[in-house]
1. Whole Å is fine, so just give me how far the alpha carbon centre of the range 16-79 lies from that of the range 171-189.
2. All other residues with a Cβ under 10 Å from the Cβ of R57 taken together, and with Lys, Arg as +1 and Asp, Glu as -1, what is their net charge?
3. If I model a spin label at K74 and I159 as a point 7 Å from the Cα along the Cα→Cβ vector, what separation in nanometres do I get?
4. What ranking do 64-77, 190-203, 1-14 get when scored by the average of other Cβ atoms within 10 Å per residue, highest first?
5. Among residues other than A166 whose Cβ falls under 13 Å from its Cβ, what is the net charge (Lys/Arg +1, Asp/Glu -1)?
6. At 0.36 nm per residue, minus the direct Cα-Cα distance, what do N81 and A135 gain on full extension? Give it in nm, one decimal, please.
7. Label 7 Å along Cα→Cβ of D238; the range 2-40 residues with amide nitrogen under 11 Å?
8. Which entries in K122/K207; K93/K174; K35/K74; K94/K187; K122/K174 show an alpha-carbon gap greater than 30 Å?
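Please treat every number below as a calculation from the coordinates, not as lab data. These figures come from a predicted structure and were not determined experimentally. Note that each Cβ is placed from the backbone with ideal geometry, even for glycine, and that neighbours are counted across all protein chains shown.
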Amino acid sequence: MAIIIFFIAHWQLSVFCQTFFLHRYGAHRMFSMSKGWERFFYLFTYLMQGPSFLSPRGYGILHRMHHAFSDTPKDPHSPTNYTNVMTMMLATKKEYDDFAYDRVQPEARFDGGLPSWPLIDKLGQSWGGRIAWGAAYSLFYFKFATHPWMYALLPLQFIMGPIHGAIVNWCGHKYGYSSFDNGDQSKNTLAFDFLTGGELFQNNHHKFGMSPNFAVRWFELDSTYQVMRVFNALGIIDMSGAQVARPPVAVAG
């Protein structure tokens, strides 16, 4: 039971950091927070993602490119450009590494305004740090795993961040329904996105790119946005200037 709880908690906390901090705050600046809270969530993201920590700069640049070139040949992670999810994610990793490690300079419009903490970036992207996280996870499994099949979950925890990215980038532009005609293949995959914290409302998000609430229609629920409402009430973040997503007048399909 301890392994299952650990895996589910790691999944949910890791994807929360990705959608709340890296995506909605880092890439889009849908809301504001103090420098102190920014550092807190930067460190929290590193601790929750562990060996699959994603640099806010590398993530943010790729995501901004994804919006600018959605489902065109220049989109860094569109299923329309690849035959399977593995080839898509390997290509995405190469582009991410280029930007995260400053091997390639992006267009100026995709850079700037992204959270930065070089110490955490260096630690999170070092092989020493990744190996240490992997060893810690392995020791936990050796201590608490009660059935051999549980060890199949361990490698998934090593690459949790890329797994979340693969699910969102592939499924969110391939499976589900569309409420808006955005000129791309974006879809809403789940009406209640319990799997990726709201990220699978891709069609809604591509329509209202600056809305902190990815759910638009009455039956949709964005779990991360509900947490953000609490953070806003507590003064941790400020969503007072956020754009508001509106339901479609007519359903696209």
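1. Between the Cα centres of the range 16-79 and the range 171-189 lies a distance of 21 Å.
2. -3
3. 2.9
4. Order by mean packing, descending: 190-203, 64-77, 1-14.
5. Around A166, the charge tally is +1.
6. Length gained, N81 through A135: 15.8 nm.
7. Those under the cut-off are 32-35.
8. K122/K207; K35/K74; K122/K174, as the Cα separations exceed 30 Å there.
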